[in-house]
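Enquirer: This structure is in structure tokens; I'll ask about it shortly.
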Amino acid sequence: MATARKSFEAILLDRSWVSQQDLERARQRKKPGQNLAEALVEMGALEPQRLARALAQEYRLPFHAHIDETGLDNSLIAKVPINYAKKNRLLPLAIEHDAVTVAVADPANYEPLDDLHVLFGMTVQAVVAPGEVITEAINRAYDQATATTAHDLMIDLEEERLDQVASELAQEPADLLEADDAAPIIKLVNGLLSQAVKDRASDIHVEPFERELVVRFRVDGMLYDVLSPPKRFQPAITSRIKIMSGLNIAEKRLPQDGRIRLRVAGRDIDIRVSSIPTAFGERIVLRLLDRAQALVDLNLDRLGFSGDNLTRLDRLIRQSHGIILATGPTGSGKTTTLYACLARINSPEKNIITIEDPIEYQLRGIGQMQVNPKIDLTFAGGLRSILRQDPDVIMVGEIRDSETAEIAIQAALTGHLVFSTLHTNDSFGALTRLVDMGIEPFLVSSSILAVLAQRLVRRVCPDCREPYQPAPAELVRIGLKPDAFRGQTIYRPNPSGCRHCRNTGYRGRTAIQELMIMDDDVRALVMQKADASMIRRSCTAKGMKLLRQEGAERILAGETTVEELLRVTQEDIL
């Protein structure tokens, strides 16, 4: 005798996943067109995984907690438009025993299954999976199924005449993976953007030379050649990027800056576009920022801060007034570190305002101003205006001149906490740089709280790294004695790499820092206009860790390599 089918509500109650009170509240709060399950999830009373399990039990269907998109049948996926799959939250998985297995989030929605039965011409067998699992699998699976990499598009480009390339679209699709444009130039640019996001690239370089056009990606701080489209397609590729970013395609003699906002595989991507004229055409650099990942990464612990440096910096950023400077070359993560500091102290009780060029991260609850030299809105002018906004904390994107430095110092001396960046090679040089700008030494010594110098080093890939015995000379160069690593394992990248690190041997980056805190001895040296080497000797005599010492500890911890530390730091000459 067949067992009677339990209702969805009875299953939830039997498993104690929700209470009777939850069900009653969900019925009362249910919006028009919303079912009870959706209302429970929206209230937070039911987890999506449990919802899917309950639906699978109610309809007596198999349940899949995860979907492995690598084993999917691409021929099935190619027949179902991605818009249709996302709208109905379904994904064809495979053909088994003359039936198509389809993952669905809502087995009560029969119409899409009937459509697939007609489309495939065979029986459809449904399995239940959580909605967000299906959505993520759709994004990854369609990215693999279409395989629209830049190299795959070169054949289409070779056959296409430039005068037949369609005029560029005025509006972008909601998601780049949903674009079905046939024009090869459009497909090439979309393919480059998709591939860059997939490869975790921070920048795309489109570089024209006399007889060739080269496209390179910057991944983990290093540039890699990706593609060399035929030179004759340069005008079309340049025009496509300029139209997407709102630039003037007729202006080829002046530098231009623009922005692109799009979605790739369900991820919001901000792209900053810079175009400059060169001898062989316009050179374009696109800087990519994954907005969701950026907000996750704005955490001092995730950025590589630990131990004494993290404790001291956490104490410093909670001071009521003074200046905290971040120094280092371009691309060393200075601004990201300052954003993480602001995110750490951000609260409704504090009025935090920034002036930047450009605004790289948008932080909730923080006022952010964009520098605009065309209308004379400079760092100095904007900073003056900010001081009339009753701020508690101010961030100045960069101190570039003595006027900005003087206003920042006056703000610090009148009860404001100021964060800013300065281009110097180490923390000690920041103090002498300010004095060289014309700032009085007594103002520098009384306003600066601390100077942080930072570098980004690549992490050795944990999946393919290999242990080795370093030569004593290598250890001496990074400040370690040969016997300092006894009992420790030191790694180097595998020369051939692996698929996880794109065969580079490295994956991801972390920060190393030196934090110089202003004490009475350093203030006295600044008042005497001492040079950077004298300040360095004073600080190291009291136990301050330099960049190479911090990096050496990361090497012993298995995070990075000797070669990488030598690449980003210079010899300490005392």
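The values are calculated or read from the model by the stated rules, or taken from the named source; none is laboratory data. None of the values given here were measured: they were computed from a predicted structure. Note that each Cβ is placed from the backbone with ideal geometry, even for glycine, and that neighbours are counted across all protein chains shown. Note: accessible area is taken over every heavy atom of the protein model, side chains too, but ligands, DNA and RNA are not part of it. Shrake-Rupley method; radii C 1.70, N 1.55, O 1.52, S 1.80 Å.
Enquirer: For residues in segment 424-452 being open to solvent by 40 Å² or more (accessible area, probe 1.4 Å) and either within 24 Å of T560 (Cβ to Cβ) or among the small types (G, A, S) (or both), which is modelled with the lowest pLDDT?
Expert: Result: N425.
Enquirer: May I ask you to list the residues in segment 546-562 that are surrounded by 20 or more Cβ atoms within 10 Å (Cβ to Cβ) and within 17 Å of D426 (Cβ to Cβ)?
Expert: Result: L546, L547, R548, E550, G551, A552.
Enquirer: Output the residue which, of all residues in segment 210-220 that are of a type outside the set (D, E, K, R) and buried (at least 17 other Cβ atoms within 10 Å of the Cβ), is nearest to the chain's Cα centre (by Cα).
Expert: Top of the filtered list is V219.
Enquirer: Kindly indicate the residue of segment 237-252 that is touching a helix residue (DSSP H, G or I) at 6+ places or on another chain (Cβ under 7 Å) and of a type in the set (V, I, T) and also surrounded by the most Cβ atoms within 10 Å (Cβ to Cβ) among those meeting that condition.
Expert: I241
Enquirer: Now for a different question. Just give me the residues in segment 453-477 being closer than 30 Å to L413 by Cα and open to solvent by less than 10 Å² (accessible area, probe 1.4 Å), in sequence order.
Expert: Hits for segment 453-477 are A453, Q454.
Enquirer: If you don't mind, there's one more thing I want to ask. What is the residue count in segment 253-277 for residues that are surrounded by fewer than 16 Cβ atoms within 10 Å (Cβ to Cβ), at pLDDT 85 or above and either basic (K, R) or more than 24 Å from F209 (Cβ to Cβ) (or both)?
Expert: 3
Enquirer: Considering only strands (runs of 3 or more DSSP E) fully contained in segment 240-336, which possess at least 2 residues that are over 24 Å from the mean Cα position of the chain (by Cα)?
Expert: 267-278, 281-290, 322-327
Enquirer: Also, quick follow-up: How many residues are assigned to a strand (DSSP E or B) and either in contact with a helix residue (DSSP H, G or I) (Cβ under 8 Å, 6 or more places away or on another chain) or of a type in the set (S, T, Y) (or both) when one looks only at segment 357-370?
Expert: Qualifying residue count for the region: 2.
Enquirer: Considering only residues that are modelled with pLDDT of 70 or more and open to solvent by 40 Å² or more (accessible area, probe 1.4 Å), which ones fall in segment 295-313?
Expert: If the condition is that a residue be modelled with pLDDT of 70 or more and open to solvent by 40 Å² or more (accessible area, probe 1.4 Å), then N299, D301, R302, S306, G307, D308, T311, R312 are the ones that fit.
Enquirer: Separate question: In the list I375, I359, I355, I407, which residue meets the criterion of being closer than 19 Å to S445 by Cα and of a type in the set (A, V, I, L, M)?
Expert: I407
Enquirer: List the number of the failed condition for Q49; all other conditions in (1) without any contact (Cβ under 8 Å) to a residue 60 or more places away in the chain; (2) farther than 19 Å from A141 by Cα hold.
Expert: With respect to (1) without any contact (Cβ under 8 Å) to a residue 60 or more places away in the chain; (2) farther than 19 Å from A141 by Cα, Q49 is out only on (1).
Enquirer: Pick from segment 401-423 the residues that are aliphatic (A, V, I, L, M) and out of contact with any Leu (no Cβ under 7 Å at 6 or more places or on another chain): which of them is most open to solvent (accessible area, probe 1.4 Å)?
Expert: The qualifying residue most open to solvent (accessible area, probe 1.4 Å) is L413.
Enquirer: Can I ask one more? Quick check on segment 505-519: of everything there that is hydrophobic (A, V, I, L, M, F, W, C) and farther than 27 Å from V226 by Cβ, which residue is surrounded by the most Cβ atoms within 10 Å (Cβ to Cβ)?
Expert: Checking each candidate, the answer is I512.
Enquirer: Kindly list the number of the only condition in (1) surrounded by 20 or more Cβ atoms within 10 Å (Cβ to Cβ); (2) in contact with a Ser or Thr (Cβ under 9 Å, 6 or more places away or on another chain); (3) touching a residue at least 60 places away in the same chain (Cβ under 8 Å); (4) among the charged types (D, E, K, R) that fails for E207.
Expert: Only one criterion in (1) surrounded by 20 or more Cβ atoms within 10 Å (Cβ to Cβ); (2) in contact with a Ser or Thr (Cβ under 9 Å, 6 or more places away or on another chain); (3) touching a residue at least 60 places away in the same chain (Cβ under 8 Å); (4) among the charged types (D, E, K, R) is unmet by E207, namely (1).
Enquirer: Take R502 and decide whether it is more than 30 Å from E440 (Cβ to Cβ), in contact with a His (Cβ under 7 Å, 6 or more places away or on another chain) and crowded, with 16+ Cβ neighbours inside 10 Å.
Expert: no
Residue-wise test of (1) in contact with a Pro (Cβ under 7 Å, 6 or more places away or on another chain); (2) modelled with pLDDT under 75; (3) open to solvent by 60 Å² or more (accessible area, probe 1.4 Å).
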| site | (1), (2), (3) |
| --- | --- |
| T3 | no, yes, yes |
| F8 | no, yes, no |
| S16 | no, yes, yes |
| Q20 | no, no, yes |
| E24 | no, no, yes |
| R27 | no, no, yes |
| G33 | no, yes, yes |
| L36 | no, no, no |
| L40 | no, no, no |
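Enquirer: Test each condition in (1) more than 31 Å from the chain's Cα centre (by Cα); (2) in a loop (DSSP other than H, G, I, E, B); (3) closer than 30 Å to V264 by Cβ for K31 and report the one that comes out false.
Expert: Only one criterion is unmet by K31, namely (3).
Enquirer: Among (1) open to solvent by 20 Å² or more (accessible area, probe 1.4 Å); (2) of a type outside the set (A, V, I, L, M); (3) more than 33 Å from the chain's Cα centre (by Cα), which single condition is P107 missing?
Expert: Going through (1) open to solvent by 20 Å² or more (accessible area, probe 1.4 Å); (2) of a type outside the set (A, V, I, L, M); (3) more than 33 Å from the chain's Cα centre (by Cα) one by one, P107 breaks only (1).
Enquirer: Looking only at segment 287-294, decide whether some residue is at pLDDT 85 or above and open to solvent by less than 30 Å² (accessible area, probe 1.4 Å).
Expert: Scanning segment 287-294, I find at least one residue that is at pLDDT 85 or above and open to solvent by less than 30 Å² (accessible area, probe 1.4 Å), so the answer is yes.
Enquirer: Which fully enclosed helices (runs of 4 or more DSSP H) of segment 511-574 have 1 or more residues being small (G, A, S) and over 22 Å from L313 (Cα atoms)?
Expert: 520-527, 532-541
Enquirer: What residue, among those in segment 347-365 that are open to solvent by 10 Å² or more (accessible area, probe 1.4 Å), in contact (Cβ under 8 Å) with a residue 12 or more places away in the chain and within 24 Å of L456 (Cβ to Cβ), is farthest from the chain's Cα centre (by Cα)?
Expert: D357
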